[in-house]
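The values are calculated or read from the model by the stated rules, or taken from the named source; none is laboratory data. It should be emphasised that the depicted structure is a prediction, and the values quoted were computed from it without experimental measurement. Every residue, glycine as well, gets a Cβ built from its backbone with ideal geometry; the counts of neighbours run over all protein chains shown.
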Number of protein chains: 4
Amino acid sequence: MAKRKLRMGMIGGGSGAFIGAVHRIAAQIDGQVELVCGAFSADQQRSKDSGEQLFLPSERCYGSYEEMIITEQELPADQRMEFVVIVTPNHLHYPAAKLALEAGFHVLSDKPATLSLAQALSLKTIIEQSNCLYGLTHTYTGYPLIKHAQELVADNTLGTVQKIVVEYHQGWLADQEAESGKQASWRLDPSQSGISCCMGDIGVHAANLAEYVSGLTISKMCADLVPVVPGRQLDDDGTVLLRFNNGAKGALLASQIAVGEENGLRLRIYGDKASIDWSQQEPNTLWLKFNDQASQMIRTGVGQFSSRVQSAIRTPAGHPEGYLEAFANIYVNFVEQVRLFQQGELDAASQVDVPDIEDAIRGMAFIENAVAASNSDQKWHNFTI
Amino acid sequence: MAKRKLRMGMIGGGSGAFIGAVHRIAAQIDGQVELVCGAFSADQQRSKDSGEQLFLPSERCYGSYEEMIITEQELPADQRMEFVVIVTPNHLHYPAAKLALEAGFHVLSDKPATLSLAQALSLKTIIEQSNCLYGLTHTYTGYPLIKHAQELVADNTLGTVQKIVVEYHQGWLADQEAESGKQASWRLDPSQSGISCCMGDIGVHAANLAEYVSGLTISKMCADLVPVVPGRQLDDDGTVLLRFNNGAKGALLASQIAVGEENGLRLRIYGDKASIDWSQQEPNTLWLKFNDQASQMIRTGVGQFSSRVQSAIRTPAGHPEGYLEAFANIYVNFVEQVRLFQQGELDAASQVDVPDIEDAIRGMAFIENAVAASNSDQKWHNFTI
Amino acid sequence: MAKRKLRMGMIGGGSGAFIGAVHRIAAQIDGQVELVCGAFSADQQRSKDSGEQLFLPSERCYGSYEEMIITEQELPADQRMEFVVIVTPNHLHYPAAKLALEAGFHVLSDKPATLSLAQALSLKTIIEQSNCLYGLTHTYTGYPLIKHAQELVADNTLGTVQKIVVEYHQGWLADQEAESGKQASWRLDPSQSGISCCMGDIGVHAANLAEYVSGLTISKMCADLVPVVPGRQLDDDGTVLLRFNNGAKGALLASQIAVGEENGLRLRIYGDKASIDWSQQEPNTLWLKFNDQASQMIRTGVGQFSSRVQSAIRTPAGHPEGYLEAFANIYVNFVEQVRLFQQGELDAASQVDVPDIEDAIRGMAFIENAVAASNSDQKWHNFTI
Amino acid sequence: MAKRKLRMGMIGGGSGAFIGAVHRIAAQIDGQVELVCGAFSADQQRSKDSGEQLFLPSERCYGSYEEMIITEQELPADQRMEFVVIVTPNHLHYPAAKLALEAGFHVLSDKPATLSLAQALSLKTIIEQSNCLYGLTHTYTGYPLIKHAQELVADNTLGTVQKIVVEYHQGWLADQEAESGKQASWRLDPSQSGISCCMGDIGVHAANLAEYVSGLTISKMCADLVPVVPGRQLDDDGTVLLRFNNGAKGALLASQIAVGEENGLRLRIYGDKASIDWSQQEPNTLWLKFNDQASQMIRTGVGQFSSRVQSAIRTPAGHPEGYLEAFANIYVNFVEQVRLFQQGELDAASQVDVPDIEDAIRGMAFIENAVAASNSDQKWHNFTI
């Protein structure tokens, strides 16, 4: 292992940006990453102010990501950033990732990966032509009990998966007043957010989680996306009926107008022998249920887990970890991947559990297929890429 | 109030029948009803054996409902049964109700009311031509907090209803072995059960509950009903997208193959000001949630309720009531209705909160529309009666 | 089994009395008992009014328990009551039970059994000299999962019991205004309630439950009973440190002034291999916990139970039963005991799971020892009878 | 605010030490602290190995805290550590803190502060004679909803506090096998742990939390501490009856042998108007309960909080924070205090919410009073310092 922290540059995430602060915590929590520079805002002064609060030298707080990438390239190899994290609104993900990759920087991007499926496919080519790694922060896959759930499915504890219900309910966009907020305005603007708000922002997390844990892929969809609050251009609520590649049924419910819901991501997978149930708001509990015997309440840190799951846990049982630690697990793995890559261990690097460009493509395809399915009068729409 | 208990006859519900025993408890719990006779089985001896265990005289244990209705008619007015409860498999609901009503007996029927919508419509005519009352045991509307939830919607505590999610998940039919059981076999047989298993058995409860609490009616459906377990003629799982008459969105998820689920009926209604959340397995808790203030955990018996809700509660706070008491609340109200009717107070009788033929018709229409919607390649199907 | 219901007379329980109505429901729910007479109130007219609402003939509604017992004795054997249930304030339990037993009626009494330990010991002699049965309604032992918990301890699933924590928290007596209520006034009056309010009303339930489930008996106590609300003669809150006869530690927390608590009876028993946790407000769930494996959430009706536990369950999984059904389980067992007794099967009768005079004595001893322990400056007080 | 991170040195916390890693995360999570040196182990090589994994230069990984303090003192002011955190077993807390303070370094110490009350009192004098700050990591006071609970008590939402129940149940020391583990062995050794294991390790947290939230102080105790597992020199379980300075009753239950319990710290405070209930394992939920209205489920991030509470929250509602973030809140406040101190704003520094030497003294007094109370045959023991 390298005897030093990896050097990270940040694009976006200036003062007041929720997700920027979350990324910085996630990067720092395990002491493996050092933030060395940032293009925190398109406003030069705001970028410098943001960097100053983060104890960065003024000269490494840039007014644009283009400037950052070009300037950092010129720095000595032992000083310049080694990877960039992109935490801007969606429409900048692709151009920023493209420029960084082409300049030789590894990229860790917030989701959704791009503004469109076409961009995601294009990004794949760019990655292949670069000598760089690309990761995507599908945060919820970072929870240890989600990884354990994945293993329970894989080892056939559930039997054949017959049905999946995944829901992601939030309430914060329930009325028009919400739209004035910084978090809301860009998400509801197609030019910054893409063709979907609810599916692009949270539905894609739900779909990713269902596929990640079940090991299945969505093959057909019947979608009902609408802007519930009048006047919106993009959906703020969507329900999608699903078929998976093994024939299993599914339903995905996502909403940003479900008043009183906080961040209600919940996944249930029903096999013919057992089922699992996990809720993000109580992430240290995973239910394993049976028809004919007592349910098991699996808790982070109680009992035996695989070393892969165990390594995603920092505290003993009963000392709750949460969203930031799950996020940090994405970073830890990405950092490990970069280190292996830097050491030339490419095969090992490729085995590390980090959401990658394939997940990015599936995510963008999910969004575009959901919108197409919703626009269709036909019930079933084949999921295509 | 009458100075005596009402005399009840029972059709179906012999030894080993789950729902018959439940009805008897529900009828007896408040001491307002006396079981005086029964046609508990089409097997004369089994009927007598069942009746004997219930302390009934042998001569009032009949081998068929036809025999019972004819014989009881001949008894003196102060001895013969005053109403019948029908707890047979579905296909007998209609003929038994018809005969009883035509013979002048009030009817309380298990759901679904009939085998088809046409039968339900026919039943309405029969009721109108009789001088009798007809009630339907949509049990879950008997819970006090469901009635309170209804009032919260009606008094606009939630604001405009924007979204309804109702789910009813069971796991007991998850595999083929289950089919040999007494409860399973008739439900999966179209000749006894009708055109749907899952929607007819539990989906209809979910739809009824959503409409009862919200005060809205379903106007459009997109349905995905399937037999998940191979070889079944009827659906054992169904998901339905909904539109309500005010434009609100909805989703109804029902399953009998969701391994590990017991009797997971849950209703969430999201208004633009607040939302409610209620689960049948913890029926003494009702959540009232907001975006911008603490959620309220409303508990049976804590705080103020309307007299209508209060009268549905038998115990002080923290002494849990459950399914049988909810069921009993249907009986109590039906008994009150019969008493008012007997006293000639027809208007008052019509005001009592008992599921009636209109609910029966909507229930059968729900089942038939769900099946039609599921069979259609078009996404949306208009709910018609 | 007898081909008829058992005939019950009730002492106390007139209109407005919470516990009288509960007893009637518990007696009636399973159709094994017929209420035939009552001395519902010391006021002749109130007793008749109460009985009228219960559809009793006026002549069997008595103005005193003495009148009832004397008059019923004179009735033909196939008409007169067969047992009495006593649901008065505490001070009448003993004289009413005494008179009934001496007149040849079986007795089912509410708890605490008597006003003092001396009365309970005297009652034991009376029972032995009678040819009658005596039962005590320690309701909470009627819950099926409590019986299952008892079996888990007995079969050593928990290993050696090392620690027991039982708590019973209510809030309804938290202020002086509460005292004007009917339920409160007699409980706070030593002449009707005895030497303790909180320990006599609810602490004794907690102690009984701990001993019932663990199979252990309390051997030493250190008690801290106080009237928290000023001006009260009796305790409204009490904490008791315990030692059990096997050396296990324990703590019993009871309160009637714990604002916001409903009927918070909870039992935790920690063995050296596993522990159990049960809460009365969610009675259909029993936790079985381990240090090194997933907790098990045992649910009423899911999985295998002994026939004894199974017979205490009326509904399938997920159809919640509650307090009234637990209460009814006491009645069902008492009725079975009376029937076996009437059939001369005395040994079988003695095996039925009904709280009896020994429980009554231990309950009164618990109350008196708790008060003595609380009054002592010495830390530990030996539990004596 | 300083334009740089504060420089921290660590005493203890080498590889494999649970609490050392926790401290490092807590220090790093908000990017305000830089670990610059450490005496991670008394073994020089192990200390260097530990430091290497933390990317520290070898020359700043010391073989003893004495060496570290002396050597760092000699470094230029802009390089040497500014404060030390002490995360050793208990017996080293005092000598390490003493040496650091006398050498002019601020100290943040794990709890319990010292091995005895006498040491804690001595430490107070040392602090007063130094020009340094001293903080104590009573982690659980760092949770935002604990701070909010404190405000609810202070603003009289609960009315007069009448009763406090605080419990801290763990199961990990339930058998003798546990003793061989690194975490267990020193805690059960009086020479490293002091005169109590259970009270010193977790009881002191419970007492601190009760006093912190209620604003009251313990005035009398009746204690029952024992080693449940045979052969232990120190208690592994303890129950303590309490009186607070306003006359309120209390009970503190702590155990390390409660099999199946993880880290079950729970605080309930009952006023005469309302009560609160908080459990560390679900730290983002705080219950506010009433006798006569619906309970409120207060959630981190939902609704309005004071700026002090709000500043302890990093994520939006529904994105759970946990133990590490609570710990980090102690660090953030200590860092703020140090910065204010460095800027000469002594008054402002003294106002920052950091557990200090007074808490340390009360904690040690709690432990010693609990042991003395437990050793006494008298029921009540006055809490003295």
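Residue D:149 passes all but one of (1) crowded, with 24+ Cβ neighbours inside 10 Å; (2) assigned by TED's automatic domain parsing to the domain that holds residue D:332; (3) within 23 Å of residue D:266 (Cβ to Cβ); (4) touching a strand residue (DSSP E or B) at 6+ places or on another chain (Cβ under 7 Å); which number fails?
Residue D:149 satisfies all of (1) crowded, with 24+ Cβ neighbours inside 10 Å; (2) assigned by TED's automatic domain parsing to the domain that holds residue D:332; (3) within 23 Å of residue D:266 (Cβ to Cβ); (4) touching a strand residue (DSSP E or B) at 6+ places or on another chain (Cβ under 7 Å) except (2).
When both residues are 6+ apart or on different chains and their Cβ atoms are under 9 Å apart, which pairs have a first residue that lies in region A:163-185 and is at the interface with another protein chain (Cβ under 10 Å from one of its Cβ atoms), and a second that is part of a loop (DSSP other than H, G, I, E, B) and aromatic (Phe, Trp, Tyr)?
Partner pairs satisfying both residue conditions: A:171/B:290; A:178/A:172; A:183/A:172.
Any residue in region C:166-175 that is over 24 Å from residue C:278 (Cβ atoms), assigned to a strand (DSSP E or B) and modelled with pLDDT of 95 or more?
No; the residues of region C:166-175 include none that is over 24 Å from residue C:278 (Cβ atoms), assigned to a strand (DSSP E or B) and modelled with pLDDT of 95 or more.
Would you call residue B:129 surrounded by fewer than 24 Cβ atoms within 10 Å (Cβ to Cβ) and more than 21 Å from the chain's Cα centre (by Cα)?
yes
Considering region B:6-18 alone, what residues qualify as being modelled with pLDDT under 95 and crowded, with 18+ Cβ neighbours inside 10 Å?
Listed by number, the residues that qualify are B:13, B:14, B:17.
Quick check on residue D:135: is it buried (at least 20 other Cβ atoms within 10 Å of the Cβ), at pLDDT 95 or above, in the same structural domain as residue D:343 (by TED's automatic domain parsing) and not aliphatic (A, V, I, L, M)? So that I can check it myself, show each step before the final result.
Details: buried (at least 20 other Cβ atoms within 10 Å of the Cβ): yes; at pLDDT 95 or above: yes; in the same structural domain as residue D:343 (by TED's automatic domain parsing): yes; not aliphatic (A, V, I, L, M): yes.
So residue D:135 fits the description; yes.
With B:154, B:118 as the choices, which residue is small (Gly, Ala, Ser), in the same structural domain as residue B:184 (by TED's automatic domain parsing) and either surrounded by fewer than 24 Cβ atoms within 10 Å (Cβ to Cβ) or touching a residue at least 12 places away in the same chain (Cβ under 8 Å) (or both)? Before you say what the answer is, go through the steps one by one.
On the way: B:118 fails: in the same structural domain as residue B:184 (by TED's automatic domain parsing).
The unique qualifying residue is B:154.
Of all the helices (runs of 4 or more DSSP H) wholly in region B:315-381, which have at least 2 residues that are farther than 20 Å from residue C:26 by Cα, away from chain C (no Cβ under 14 Å) and among the charged types (D, E, K, R)? Before you say what the answer is, go through the steps one by one.
On the way: elements: B:323-342, B:346-351, B:357-375.
Here the list reads B:357-375.
Are any residues in region B:341-362 under 19 Å from residue B:81 (Cβ atoms) and either crowded, with 19+ Cβ neighbours inside 10 Å or within 12 Å of the chain's Cα centre (by Cα) (or both), and if so, which ones?
B:354
Inside region C:277-313, can you point out the residues that are within 14 Å of chain D (Cβ to nearest Cβ), polar (S, T, N, Q) and closer than 13 Å to residue C:152 by Cα?
Hit for region C:277-313 is C:296, nothing else.
When you scan region D:96-114, how many residues do you find that are closer than 14 Å to residue D:7 by Cβ and over 19 Å from the mean Cα position of the chain (by Cα)?
Result for region D:96-114: 3.
Anything in region B:219-237 that is facing chain A (nearest Cβ under 9 Å) and not aliphatic (A, V, I, L, M)? List them, or say none.
B:222, B:224, B:237
Of all residues in region B:160-181, which are small (Gly, Ala, Ser) and within 23 Å of the chain's Cα centre (by Cα)?
Our first condition is that a residue be small (Gly, Ala, Ser); within region B:160-181, this holds for B:171, B:174, B:178, B:180-181.
B:171, B:181 - these are the residues of region B:160-181 that are small (Gly, Ala, Ser) and within 23 Å of the chain's Cα centre (by Cα).
Residue under question is residue D:238, and the condition is that it be in contact with a strand residue (DSSP E or B) (Cβ under 7 Å, 6 or more places away or on another chain) and modelled with pLDDT of 95 or more; does it hold?
yes
For (1) over 24 Å from residue B:377 (Cα atoms); (2) of a type in the set (Val, Ile, Thr), each residue gets a yes or a no:
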| site | (1), (2) |
| --- | --- |
| B:199 | no, no |
| B:212 | yes, no |
| B:222 | no, no |
| B:245 | no, no |
| B:260 | yes, no |
| B:269 | yes, yes |
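Which one of these does residue D:159 not meet: (1) outside any strand (DSSP E or B); (2) in contact with a helix residue (DSSP H, G or I) (Cβ under 9 Å, 6 or more places away or on another chain)?
In the conditions (1) outside any strand (DSSP E or B); (2) in contact with a helix residue (DSSP H, G or I) (Cβ under 9 Å, 6 or more places away or on another chain), residue D:159 misses (2) alone.
Answer yes or no as to whether residue B:189 is within 10 Å of chain A (Cβ to nearest Cβ), at pLDDT below 95 and over 29 Å from residue A:224 (Cα atoms).
No, not satisfied.
What is the one condition in (1) over 15 Å from the mean Cα position of the chain (by Cα); (2) closer than 27 Å to residue D:233 by Cβ; (3) within 14 Å of chain C (Cβ to nearest Cβ); (4) buried (at least 24 other Cβ atoms within 10 Å of the Cβ) that residue D:196 does not satisfy?
(3)
Select from region C:289-313 the residues that are in contact (Cβ under 8 Å) with a residue 12 or more places away in the chain and surrounded by 22 or more Cβ atoms within 10 Å (Cβ to Cβ) and list them in ascending order.
C:289, C:298, C:300, C:302, C:312
Among the candidates B:46, B:80, single out the residue that is over 27 Å from residue C:57 (Cα atoms) and either surrounded by fewer than 22 Cβ atoms within 10 Å (Cβ to Cβ) or within 14 Å of chain C (Cβ to nearest Cβ) (or both).
Matching residue, one of B:46, B:80: B:46.
Looking only at strands (runs of 3 or more DSSP E) that lie completely in region D:191-308, which have at least 2 residues being among the hydroxyl-bearing types (Ser, Thr, Tyr) and in the same structural domain as residue D:93 (by TED's automatic domain parsing)?
Those strands (runs of 3 or more DSSP E) do not exist here; none qualify.
Can residue D:4 be described as more than 17 Å from residue D:107 (Cβ to Cβ) and basic (Lys, Arg)?
So residue D:4 fits the description; yes.
Would a scan of region A:60-73 turn up a residue that is aliphatic (A, V, I, L, M) and surrounded by 21 or more Cβ atoms within 10 Å (Cβ to Cβ)?
Checking region A:60-73: at least one residue is aliphatic (A, V, I, L, M) and surrounded by 21 or more Cβ atoms within 10 Å (Cβ to Cβ).
From the list C:34, C:52, pick out the single residue that is farther than 18 Å from residue C:338 by Cα, outside the structural domain of residue C:197 (by TED's automatic domain parsing) and of a type in the set (D, E, K, R).
Of C:34, C:52, the one residue that is farther than 18 Å from residue C:338 by Cα, outside the structural domain of residue C:197 (by TED's automatic domain parsing) and of a type in the set (D, E, K, R) is C:52.
Of everything in region C:241-264, what is surrounded by 24 or more Cβ atoms within 10 Å (Cβ to Cβ), out of contact with any Gly (no Cβ under 7 Å at 6 or more places or on another chain) and more than 9 Å from chain D (Cβ to nearest Cβ)? Give them in sequence order.
C:256
Taking into account only those residues within region C:100-140 that are in contact with an Asp or Glu (Cβ under 9 Å, 6 or more places away or on another chain) and of a type in the set (Phe, Trp, Tyr), which is farthest from residue C:208 (Cα to Cα)?
C:105
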